[in-house]
Amino acid sequence: MTNKFETESINRLLLKQAIPATVGILVMSLNMIVDTIFVGKWIGVLAIAAITVVLPIAFLISSIGMGIGMGGSSIISRNLGEKNHTKAFHVFGNQISLTTSLSILFVILGTFFSVPLLKLFGANGDIIEPAREYFDVIIYGVPFLAFAMMGNPVIRALGKPNYAMTTMILPAIVNIILDITFIKFMDLGMYGAGLATSISYGVCGLFVLWFFLSKHNELKIIPKYFVIDLPIFKEIIALGGVSIVRQGVISVLIIIMNYSLFKYGGEISISVYGIINRIMMFILSPVLGVMQGFLPVAGFNIGAKNADRVRETVNKSIIFGTGVATVIFLIILMFPAPLVAIFTNDKELLDLTPNALVIAFLATPVITVQLIGSAYFQAAGKALPALMLTLLKQGFCLIPLVYILPKFYGVNGVWISFPLADVLSTIITYIFLHRALKSDLKYEN
């Protein structure tokens, strides 16, 4: 499959990579949506707020694996393009060592400091007890999630998008089945919701391990490459740090957002955001799928020094993604109330959420430029611009807006912050991307 990155049409390659990625992200997001629906309807409104607080902590810890996976897969893609298979094997071995050791370390720290951590992320008032009950269970599944998040971009870099898709679909199916069993039939409440999620993480991690031990994989697990090589370590961290720092910035954003929401709207506003966040993750999945499909194709052709194919990959990814994002915006505009009604029967939530949802999605048609722009620099191995552009929306635009605007517009200031941040980050990213394409792609094909 990796040879086809060099020869097959860009349209076909993007579809082959983006469709499985989209399906996987859709199902993974659907899993979180179903989780929210089940706890919202079978446990209560506070349960939605509790999950909204806890899951960002789990993803912050597991983002270590995601960052190492994204950084390593970028290096692997370029080395496969350069036919340097030995370095690709060495990078993969170091990825396994780093992910395993660091994720376990942070899980231990999270276990000992669970209550201060939950309060930091916004578990105030009546939210703290259900949040703690949920967190104390899912924390043990996080190392498996970290390993899976490390392996997923590597699987995609190998040209195996269907296996990468299965990595996201399988735990979602397991979680939905166990949610029904533990919450509905066994009446285990938040403990049951956490147990279902933790087991699904375990299944996900074990499937990724099976893939790398199977005949379907050309990257073998070779113990001699587990020993950390300092230059490779620095290269992985330089690029993977983009994803890790991004998740860290998102965590800071969530802390500030939950603070503003609780201050200006109480617990109910955190539940409103919980629903908006789930809808956002699910309905934007096709755009994220285009970005995931872009990375291995662009990375391989950058390594192969094929300027025309790199440029074509960038342009067509932006066109495809923008078309999809526009359709998504129209769906939100026409059906906000029915989308919210999927999650809750609570009248107050049904009254407050649809308007907030529409405001938050106002700039959706332009977001693909920002996503592909930052992904280009990551695929090219340019750590610093990749980091800065990845942090642009959440860190440099959204955090200040979420902190400042509610002082003038109350809770609505939080929702207004989303489209403003999208527009600002898109304009800046376009300028950087346009300049980079003119200066980088000068080599002969």
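The values are calculated or read from the model by the stated rules, or taken from the named source; none is laboratory data. These numbers were taken from a predicted model, which means no experiment stands behind them. Cβ placement follows ideal geometry from the backbone for every residue including glycine, while neighbour counts extend to all protein chains displayed. Note: areas computed on protein heavy atoms with side chains; ligands, DNA, RNA excluded. Shrake-Rupley method; radii C 1.70, N 1.55, O 1.52, S 1.80 Å.
Condition check ((1) within 17 Å of Gly141 (Cα to Cα); (2) under 14 Å from the mean Cα position of the chain (by Cα); (3) surrounded by fewer than 23 Cβ atoms within 10 Å (Cβ to Cβ)) across all residues:
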| site | (1), (2), (3) |
| --- | --- |
| Ala21 | no, yes, no |
| Leu30 | no, yes, yes |
| Asp35 | yes, no, no |
| Lys41 | no, no, yes |
| Val45 | no, no, yes |
| Ile51 | yes, no, no |
| Pro56 | yes, yes, yes |
| Phe59 | yes, yes, yes |
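Taking the numbered list (1) open to solvent by less than 20 Å² (accessible area, probe 1.4 Å); (2) without any contact (Cβ under 8 Å) to a residue 12 or more places away in the chain in turn, Ala341 passes all entries but (1). Name every residue in the range 150-180 that is under 23 Å from Phe282 (Cβ atoms) and of a type in the set (Val, Ile, Thr), in order of residue number. Residues satisfying the conditions are Ile155, Thr166, Thr167, Ile169, Ile173, Val174, Ile176, Ile177, Ile180. Determine whether Lys305 is modelled with pLDDT of 90 or more, out of contact with any Gly (no Cβ under 7 Å at 6 or more places or on another chain) and not aromatic (Phe, Trp, Tyr). When the stated conditions are applied, Lys305 does not pass them.
Scanning for something among the β-branched types (Val, Ile, Thr) and within 18 Å of Thr22 (Cβ to Cβ), does the range 329-349 turn up at least one residue? Checking the range 329-349: at least one residue is among the β-branched types (Val, Ile, Thr) and within 18 Å of Thr22 (Cβ to Cβ). Each residue in the range 119-158 was checked for being touching a helix residue (DSSP H, G or I) at 6+ places or on another chain (Cβ under 7 Å) and outside any helix (DSSP H, G or I), and 4 of them qualify.
For the range 129-166, a tally of residues being among the polar types (S, T, N, Q) and under 14 Å from the mean Cα position of the chain (by Cα) returns 1. Are any of the residues in the range 229-248 out of contact with any strand residue (DSSP E or B) (no Cβ under 8 Å at 6 or more places or on another chain), of a type in the set (Ser, Thr, Tyr) and open to solvent by 50 Å² or more (accessible area, probe 1.4 Å)? Scanning the range 229-248, I find no residue that is out of contact with any strand residue (DSSP E or B) (no Cβ under 8 Å at 6 or more places or on another chain), of a type in the set (Ser, Thr, Tyr) and open to solvent by 50 Å² or more (accessible area, probe 1.4 Å), so the answer is no. Test Ser114 against the stated conditions and say whether it is open to solvent by less than 50 Å² (accessible area, probe 1.4 Å), of a type outside the set (A, V, I, L, M, F, W, C), under 23 Å from Pro296 (Cα atoms) and without any contact (Cβ under 8 Å) to a residue 60 or more places away in the chain. So Ser114 does not fit the description; no.
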